Amino acid sequence: MVSTRTEATMESMSSGYHYSQEILDGEEGEEEIVDQEDESSAERGRYAIVEDSCLSRLFKRCQECGELLDHSLTERKRCGSALVVITECLACNKKVQWDSQEKVGIGRGQAYSLNHRIPISAFITGTPLPRLCDFARTLDLDFPSDRSMRKTIREIGSVAIERVYAGWEETVREVAVNASEGDGLQVSIDGQYDSPGFTSSNCKVTTIDCHTKLAISGVALSKKEDGIDGMSIRMESEGALRALVDLVNHNIPIKKLVSDQNAMVMKKLREHPKTAHIERKLDWWHVQKHMRKEWWKMVKANPELAPVYQMFFNHLYFVHHKYPRREDRPRALELVQSFIIHIQGKHSWKKNDEFKVVTRCEHGKLKAKKRGESRVTLNAGSEALESIHEMLFAPDSQRLFSLLPLLSILRSMNVFILSA
Ligand SMILES: [Zn+2]
Ligand SMILES: [Zn+2]
């Protein structure tokens with residue numbers, strides 16, 4: 001009677017009994033453990049913290065015959081986070097072993113479930129192990145040692161995560177390739193350092209398929225690796241190269257690469273036989289960043305351009321968002337350039353060598369200015385106007401703007417990396 005009740009209590013704690021005269025020595029015993037696991041696997045996975053004194057109450061009597069036990073014969077063993085209680089009964093001579101947790105794994109790799117789950121949970125939640133050990137010590141809670149948790153993460157966690165990751169990676173690559181419908185992928189690459197500048201010791205480089213927005217590869221680098229030789233600045237270009245070579249090696253057709261203007265990345269990719277064919281493009285955010293730099297130089301030389309600066313960027317963003325499609329880019333480029341006419345106070349003009357498509361501004365009727373306010377205009381032939389003209393029609397700017405810009409892909413990527 002007592003025995004039944006005890007068992008029921010134990011079952012609700014999702015643990016179980018097994019007993020044998022030859023505990024864990026001999027194949028028979030091991031087989032028995034495996035069988036029990038199968039039976040109880042459905043209820044595995046919920047845990048409760050039990051206080052010592054409460055637990056002792058459950059082991060007052062023999063589980064076999066119900067006689068009171070001589071507690072000097074009861075053995076308690078700690079095994080990381082698990083507790084093993086072995087009782088020996090003088091009345092019926094049976095030895096009973098109770099484990100506070102199920103075992104997972106097979107053969108020599110067998111371990112109590114929480115001894116695996118604690119370090120893995122810490123790992124995937126980013127909990128530092130030393131803090132976790134402090135936590136357990138403060139509570140007087142049995143936990144696996146720091147060393148064995150690291151071993152579990154290294155030998156089991158990392159391997160399992162790697163396997164899952166590889167599976168996901170394969171799937172997203174397949175999705176991205178299918179979505180490209182044979183055209184080849186347009187990808188975006190950016191690196192994230194663990195700390196700024198030359199002090200960083202690690203860098204993550206992520207490749208995203210611009211069409212599906214899926215991360216199709218991730219490379220983690222350390223400053224100490226060969227080819228980087230302690231130069232943290234080399235990590236991003238090396239990572240970008242590795243990522244692309246890996247993709248090419250896996251027969252992922254990479255057609256275009258959108259990235260920032262990192263000269264080192266570009267050079268590395270251009271020089272490597274496996275990545276030389278990839279067309280390189282700049283993303284929109286970096287395009288406008290380049291233009292801002294040019295403007296700052298102009299404003300410095302011609303302070304009267306200061307109020308024009310923001311007008312230009314409003315115009316640039318407006319055009320960029322209105323004409324995102326590649327086929328509209330020539331028109332968009334002319335519209336951007338037509339700022340040069342608009343700023344002179346003219347809003348329609350005749351076709352000429354510079355404007356073959358666009359002959360008028362796309363804004364509606366301009367709001368009338370309040371009395372005393374005047375619209376900022378620049379005079380034809382003025383130095384300020386000439387410098388804007390030069391900037392807008394410079395081959396570099398034209399090339400930058402005509403490239404298919406992507407809406408801040410790199411910035412959304414940073415968000416992704418931070419949350420990954
Ligand atoms: Zn007994
Ligand atoms: Zn206008």
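The values are calculated or read from the model by the stated rules, or taken from the named source; none is laboratory data. These numbers were taken from a predicted model, which means no experiment stands behind them. Glycine also receives a Cβ, built like all others from the backbone with ideal geometry; neighbour counts cover every protein chain displayed.
Look at (1) outside the structural domain of Ser158 (by TED's automatic domain parsing); (2) at pLDDT 85 or above and you find that Thr127 fails only one, number (1). Annotation for segment 31-46: no member residue is in the same structural domain as Asn93 (by TED's automatic domain parsing), at pLDDT 85 or above and not in a loop (DSSP other than H, G, I, E, B). In segment 68-89, the residues that are over 17 Å from Tyr47 (Cβ atoms) form Cβ pairs under 8 Å with partners that are within 11 Å of ligand 1 (Cβ to nearest atom) and basic (Lys, Arg), at six or more places apart or across chains, as follows: Leu68/Arg61; Leu69/Arg61; Ile86/Lys95; Thr87/Lys95; Glu88/Lys94; Glu88/Lys95; Cys89/Lys95. Under the condition of being surrounded by 12 or more Cβ atoms within 10 Å (Cβ to Cβ) and either farther than 30 Å from Arg280 by Cα or over 23 Å from the mean Cα position of the chain (by Cα) (or both), the residues counted in segment 161-170 number 1. With the condition kept exactly as written, say whether any residue in segment 171-189 is more than 22 Å from the chain's Cα centre (by Cα) and charged (D, E, K, R). Yes, segment 171-189 contains a residue that is more than 22 Å from the chain's Cα centre (by Cα) and charged (D, E, K, R). Listed here are the helices (runs of 4 or more DSSP H) enclosed by segment 292-393 that have at least 2 residues being away from ligand 2 (no atom under 16 Å from the Cβ) and at pLDDT below 85: 306-322, 329-337.
A count restricted to segment 143-172 and to residues that are among the acidic types (Asp, Glu) and in contact with a Leu (Cβ under 7 Å, 6 or more places away or on another chain) stands at 1. Residue pairs whose Cβ atoms lie under 8 Å apart, sitting 6 or more positions apart in sequence or on different chains, and linking a residue in segment 225-253 that is under 18 Å from Thr206 (Cβ atoms) to a partner that is β-branched (Val, Ile, Thr) and in a helix (DSSP H, G or I), are Ser232/Thr199; Glu236/Val265; Ser237/Val265; Ala240/Val265; Leu241/Val265; Ile252/Val177.
Have a look at Leu90, Leu55 and point out the one that is within 14 Å of ligand 1 (Cβ to nearest atom) and either surrounded by fewer than 16 Cβ atoms within 10 Å (Cβ to Cβ) or part of a strand (DSSP E or B) (or both).
Values: Leu55 fails: within 14 Å of ligand 1 (Cβ to nearest atom).
After ruling out the rest, the residue left standing is Leu90.
Note on segment 93-110: among residues that are surrounded by 13 or more Cβ atoms within 10 Å (Cβ to Cβ) and modelled with pLDDT under 90, the one that is nearest to ligand 1 (Cβ to nearest atom) is Gln110.
Tallying residues that are over 20 Å from Ser100 (Cα atoms) and in contact with a helix residue (DSSP H, G or I) (Cβ under 9 Å, 6 or more places away or on another chain) within segment 64-88 yields 2.
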